[in-house]
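Before any comments, here is the structure.
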Amino acid sequence: MAEGKALSFQDLILTLHAYWGKQGCVILQPYDMEVGAGTFHPATTLRALGPKPWNAAYVQPSRRPTDGRYGENPNRLQHYYQYQVIMKPSPANLQDLYLGSLVEIGIDPLVHDIRFVEDDWESPTLGAWGLGWEVWCDGMEVSQFTYFQQMGGYDCKPVAGELTYGLERLAMYIQGVDSVYDLKFNDAGVTYGDVFLENEKQMSKWNFEVADTEKLFRWFKDCQAEWRQCIDNGVPLAAFEQAIKASHTFNLLQARGVISVQERASYMGQVRDMAKGSCEAWMESNGWTA
Amino acid sequence: MDGIERVDRVMTDFLLELRCEEIPARMQLKASDDLARLFTEELAKSGLTPGAIESFVTPRRLALIARDLPLETAAVSEEHKGPRTSAPPQALEGFLRKTGLTQDQLEDRDGIWFAVVNKPGRATADVLAQAIPAIIRAFPWPKSMRWGSASQTTESLRWVRPLQGIVAILGEDLIPCEVDGIQSGYATLGHRFHHSGEITIGGASDYAEKLRACHVIVSHQERQSIIAEKSAQAAAAHGYTVVEDKGLIAENAGLTEWPVPLLGDFDPAFLEVPPEVIQLTLRINQKYFVLRDATGKLAPAFICTANIEAKDGGAAIIAGNRKVLAARLSDARFFWEQDRKTRLEDHAKKLERITFHDKLGTVADKVERVAKLARWLVEEGIVTSGTLSLEGEGRERVLDANDARDTSAEPPLPNPLPTGEREQLATLAEQAARLCKADLVTEMVGEFPELQGIMGGYYARAEGLPDAVADAIRDHYKPVGQGDDVPTAPVTVAVSLADKLDTIASFFVIDEKPTGSKDPFALRRAAIGIIRIILETGVRLCLSSIVNKAVSSAAPVDATMTLTPLAQTYASIAEAAGTQGLSEAGETKILENWDRRAAAATVEYEQRLASEEGYILDFLADRLKVQQREAGVRHDLIDAVFALGGEDDLVRLLARVHALQSFVATDDGANLLAGYKRAANILKKEAPQTPSPQRGEGRGEGERGEAERPAIDVAPPHPTSEGGTGLLPTLEGEGNSGLSYTPEIAEAALIAALDVAEPRTAQAVAAEDFEGAMAALATLRAPIDAFFESVTVNDPDPAKRTARLALLARVRDAVHSVADFSKIAG
């Protein structure tokens, strides 16, 4: 694309912050824990529950250990950024607001072909699902757009609208580059590769080869035990953090290839129980009923 | 009646538009039909019938125009019959309550109360105002959702995506209605990007054109035509043609309100990847049309369908799509290269990690069973190169088709190949079977599951495996649908049959049979596949022995499953006995007890397996019947042959059905049938206490596993024919020596005719010459007719009566050696 002066990676984020801030969203900072997707941020998972209105936007680093490619694949990273917007209840003009954000970052919908293509979302781990679309720009998926129907096994009352932008992919498109490492991070000559290439190499190695699986298995158990403690002592927010930790530890074990197909389902079930249990405790502590 | 003619009722058109956020493409056409149907049903409740209904659907709106609606519904006069005037007062009170009338409004007609309720016509506008919310609330979306502030409660309106507006105009008048806070109005929206602000619709007459002016083509059909025509033009301009794909045209029509097909190209270097992969990447991932060049080869180009008339003529859109496609094709090429770095046999090892079914072990376990079964099918001479054409230009063609023996005149089993060839064929079949599922763990099939088999075939060829093996891997899933080819190459046939037989046997063994409309493991499709392969390749086999083999190979899996918990309990009891210091005698007793139970479980399990084999044969027979009925074979003839039971060879069974179909169409056939029916009726009347003849095991008729019964149910006059069973004619009849009296002429003639016809029929049946068998039976026709004309069966002399009944039983049984004529209609 790259017509005119394309936004740098950091300006893309700043533009979205300014835009969604103007729409009344609280601009949050990333959650300080390893998560697989922006949806795990308690600002989405837990705030999607209950009756209180809530509008927020934030960047969330997402860790997917199995997607690591040692910095050798131009499109795949074990650590990347999602831009997440949640608006509850979903405003009637959420699609228009979203399209407005695309215009803001330089995508002209009379030059580029924007489409809403059916893509329903489900996260068994979070006991959550919703209906929505993947948004295509000239045949490329640039965002996911979901109306949450359930979270933690509870009906969402009211329903929240969630937008997730894949920031690197969007930036590559706007800047017209073929490798994520070639992205302009700012307008002063720093590239995405300058910031993250070494990180990808080392973290891929740790994820796939180095991480001590005995410790990981132990951490998983410790998280479960600590989660139990948190639930028993009425601190569901802390319990949810243990669920997040357990989830990431499980992802690392997967990357190390030490979980068999049969065990996989069992581990996922344990993470799901922790996540759902945290949501349940959160509902209870707020006095909300299903 | 009163001489004044009513003014012609004024008719007018009605427009309804339900506008929402993007409706999934796959749901649109069904939704459009549903709207028309619900609307018609809802109006019919008030006696309204529109002249015609036109339906429209785009990603953002569902609309219909109902033509020629009257402005009001017709007045209706309903008459209700009430109680007798003499009935107790409670009955009358009840009737008045029901009709809402008073007694003086009732009519007394011959002592019975009648109520006449006149319902005046209603304004159609009122009917519509009630119908629209009802239709919206009852709409059958496959998936629906809540949204917005109304979703504070789970009772809020559900729709496929947020519903935003309702346009409802009768003639030029707004039909005011409201659903969950959404009010009807005249306003709608045009194209999302080409038109901003609201459009005011006047009514049905200007709806489509006003929207067209705002870049929305409301007709799905019209958008499909535009896509088809413009993409064909774009392709032609480059010397290409579009590969026809109606589903993809409909999908793109469902993703656009203003479709604009655009052509882009891709690097021809990607064409080294198998064409199936490129096609799927274009179609499934990107919804692009695939193009061919003048020689029919895949062209390095694509057509995407944009939803806008872009300011730059589409240059940016094409550039963007090219880039996305290049990334996708790079992935595909990477998989293609990556997958080929590992040999199929090494890929196959990973199947140990994939569960086939909880109770059936891993895919590797299944492959092992299929490999053994495929080899067995060849070793037993069931699959040979002789009955089949060897397909393909096999470099490694080890089997010489010239050696193929004409098997048609030979008994069906066994049908040996020369040992060396058979061993080679068996080895190839086993090799192909061991590799046939290996592609399931390749990256490419992970990405495109629909390429299973196809990729395995490519990878096998790429590593230099024999063509027969590569073809078998590629084609062993066939036939998949009704129109799909049936494999004929022997190695493929062996693998394909083995795979399907194992699937059916395995799921029957764990009691996962199809029921009603539920067939989650597609066992019916597997059965039809087996039947089609057998019939179309003429494979001669004994189904029961094959099913027995398949079940016994699938069974150990389940045996372990049923017995393992028992064994564990046994072990823990033994351990407990040890730690708790039970007396040795006590321990022994407990263990003996468990031993007994384990043994009983094993016996029970084996019995169940035996009955599963019967169920599988029934299941296959049922599928065959369905398949043959669909092919137009008279079902009574199929039943007549099936009723014989015990027929294991589908090719023979159908030959019999076909011969029977020709025979009953002839005079001889029709008359013999009449004579047979007469004989059978007399036998039934004279011996009602005995069951009708049941031969073999009656498979396909639901009675299974019964011991063979003597075919003659009336005591024969002479001991030699006692116990004459099944398909064999009674051979005792030398002259009339067995009779205690002198037979009448026609009687003697029939005996003589039977003496000749029985062995001839039997021989013909044994040689599978069913036309011959029918011809032999036809010789009985005249003697039977004569017999019925001049001989009294029900003779006062019990000896005569018994002998004549036995004679009729011989006639019936002779006929039954070909088919159970009692099942034939007419």
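Does any residue of the stretch A:47-66 turn out to be out of contact with any helix residue (DSSP H, G or I) (no Cβ under 7 Å at 6 or more places or on another chain), buried (at least 21 other Cβ atoms within 10 Å of the Cβ) and either within 14 Å of another protein chain (Cβ to nearest Cβ) or at pLDDT below 95 (or both)? Yes - at least one qualifying residue is present in the stretch A:47-66. Can you name the residue in the stretch B:183-208 that is more than 14 Å from chain A (Cβ to nearest Cβ), assigned to a strand (DSSP E or B) and among the aliphatic types (A, V, I, L, M) and, of all such residues, is nearest to residue B:172 (Cα to Cα)? So, considering only residues that are more than 14 Å from chain A (Cβ to nearest Cβ), assigned to a strand (DSSP E or B) and among the aliphatic types (A, V, I, L, M), the one nearest to residue B:172 (Cα to Cα) is B:187. In the stretch A:14-31, the condition of being under 25 Å from residue A:255 (Cα atoms) and within 12 Å of the chain's Cα centre (by Cα) is met by at least one residue. For the stretch A:68-105, a residue qualifies if it is within 13 Å of another protein chain (Cβ to nearest Cβ) and at pLDDT below 95, and the qualifying residues are A:69, A:72, A:73, A:74, A:75, A:76.
I'd like to check something: does the stretch A:80-90 contain any residue that is crowded, with 18+ Cβ neighbours inside 10 Å, among the aliphatic types (A, V, I, L, M) and closer than 18 Å to residue A:279 by Cβ?
Yes, some residue in the stretch A:80-90 is crowded, with 18+ Cβ neighbours inside 10 Å, among the aliphatic types (A, V, I, L, M) and closer than 18 Å to residue A:279 by Cβ.
Residues checked against (1) under 20 Å from the mean Cα position of the chain (by Cα); (2) surrounded by 13 or more Cβ atoms within 10 Å (Cβ to Cβ); (3) touching a residue at least 24 places away in the same chain (Cβ under 8 Å); (4) more than 14 Å from chain B (Cβ to nearest Cβ):
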position	(1), (2), (3), (4)
A:198	no, no, yes, yes
A:206	no, yes, no, yes
A:222	no, yes, no, yes
A:240	yes, yes, yes, yes
A:251	yes, yes, yes, yes
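Within the option set B:64, B:96, being touching a strand residue (DSSP E or B) at 6+ places or on another chain (Cβ under 7 Å) and among the aliphatic types (A, V, I, L, M) holds for one residue only, B:64.
Residues that are over 29 Å from residue B:220 (Cα atoms) and either surrounded by fewer than 16 Cβ atoms within 10 Å (Cβ to Cβ) or among the polar types (S, T, N, Q) (or both) within the stretch B:310-339 comprise B:326, B:327, B:330, B:334, B:337, B:338, listed in sequence order. For the stretch B:261-279, the candidate set comprises residues that are aliphatic (A, V, I, L, M) and buried (at least 19 other Cβ atoms within 10 Å of the Cβ); within that set, the residue that is nearest to residue B:237 (Cα to Cα) is B:263. Given the structure, is residue B:366 closer than 25 Å to residue B:511 by Cα, modelled with pLDDT of 90 or more and in contact with a strand residue (DSSP E or B) (Cβ under 9 Å, 6 or more places away or on another chain)? The answer is yes for residue B:366. Within the stretch A:84-129, the residues that satisfy the criterion of being in contact with a Ser or Thr (Cβ under 7 Å, 6 or more places away or on another chain), of a type outside the set (Gly, Ala, Ser), touching a residue at least 60 places away in the same chain (Cβ under 8 Å) and part of a strand (DSSP E or B) are A:84, A:86. Checking each residue in the stretch B:283-318 for being touching a residue at least 24 places away in the same chain (Cβ under 8 Å) and more than 39 Å from the chain's Cα centre (by Cα) picks out B:308, B:309, B:310, B:314, B:317, B:318. Scanning the stretch B:466-475 for residues that are of a type outside the set (Gly, Ala, Ser) and either in a helix (DSSP H, G or I) or touching a Phe, Trp or Tyr at 6+ places or on another chain (Cβ under 9 Å) (or both) yields B:467, B:469, B:471, B:473, B:474, B:475.
Would you confirm, using the coordinates I've provided, whether residue B:276 is within 30 Å of residue B:17 (Cβ to Cβ) and either of a type in the set (Asp, Glu) or in contact (Cβ under 8 Å) with a residue 40 or more places away in the chain (or both)? Here the answer is no, as residue B:276 does not meet what is asked. Annotation: residue A:8 fulfils all but one of (1) of a type in the set (Gly, Ala, Ser); (2) surrounded by fewer than 20 Cβ atoms within 10 Å (Cβ to Cβ); (3) within 22 Å of residue A:170 (Cα to Cα); the unmet one is (2). Selection of the stretch A:138-159 for residues being more than 7 Å from chain B (Cβ to nearest Cβ) and within 30 Å of residue B:316 (Cα to Cα) yields A:141, A:142, A:143, A:144, A:145, A:146. Just one of the numbered conditions (1) buried (at least 19 other Cβ atoms within 10 Å of the Cβ); (2) more than 9 Å from every other protein chain (Cβ to nearest Cβ); (3) more than 25 Å from residue A:178 (Cβ to Cβ) is not true of residue B:307: (2).
Considering the stretch B:270-317 alone, what residues qualify as being of a type in the set (Ser, Thr, Tyr) and not in a helix (DSSP H, G or I)? The answer is B:288, B:295, B:305. Pairs are defined by a Cβ separation below 7 Å, a sequence spacing of at least 6 or placement on different chains, a first member in the stretch B:227-251 that is over 23 Å from residue B:24 (Cα atoms), and a second member that is loosely packed, with under 11 Cβ neighbours inside 10 Å and of a type in the set (A, V, I, L, M); the pairs so defined are B:239/B:294.
Applying the condition of being among the hydrophobic types (A, V, I, L, M, F, W, C) and either buried (at least 21 other Cβ atoms within 10 Å of the Cβ) or assigned to a loop (DSSP other than H, G, I, E, B) (or both) to the stretch B:352-375 and asking which residue is nearest to the other protein chains (Cβ to nearest Cβ) yields B:354.
Listed conditions (1) surrounded by fewer than 23 Cβ atoms within 10 Å (Cβ to Cβ); (2) not in a helix (DSSP H, G or I) are all met by residue A:147, apart from (1). Return the residue satisfying two criteria in turn: it lies in the stretch A:40-71 and is part of a strand (DSSP E or B) and free of Cβ contacts under 8 Å to residues at least 40 places away in the same chain, and of such residues it is farthest from residue A:24 (Cα to Cα). Among them, the one singled out is A:62. Just to be sure before I move on: is residue B:156 of a type in the set (Gly, Ala, Ser), assigned to a loop (DSSP other than H, G, I, E, B) and farther than 30 Å from residue B:309 by Cα in the structure I sent? So residue B:156 fits the description; yes. Looking at residue B:617, is it surrounded by 14 or more Cβ atoms within 10 Å (Cβ to Cβ), modelled with pLDDT of 75 or more, closer than 30 Å to residue B:552 by Cβ and not small (Gly, Ala, Ser)? Spelling it out, residue B:617 is indeed surrounded by 14 or more Cβ atoms within 10 Å (Cβ to Cβ), modelled with pLDDT of 75 or more, closer than 30 Å to residue B:552 by Cβ and not small (Gly, Ala, Ser).
Just checking, how many residues over the stretch B:620-651 are modelled with pLDDT under 80 and surrounded by fewer than 16 Cβ atoms within 10 Å (Cβ to Cβ)? Looking only at that region, the number is 3.
Among the residues of the stretch B:116-165, those that are surrounded by fewer than 20 Cβ atoms within 10 Å (Cβ to Cβ) and among the charged types (D, E, K, R) comprise B:119, B:122, B:126, B:137, B:143, B:155, B:158.
For the stretch B:781-822, give me each residue that is farther than 16 Å from residue B:682 by Cβ and in contact with a Phe, Trp or Tyr (Cβ under 8 Å, 6 or more places away or on another chain). The answer is B:797, B:799, B:818.
The values are calculated or read from the model by the stated rules, or taken from the named source; none is laboratory data. All values reported here derive from a predicted model rather than from experimental measurement. Glycine gets a Cβ as well: all are built from the backbone with ideal geometry, and neighbour counts include every protein chain shown.
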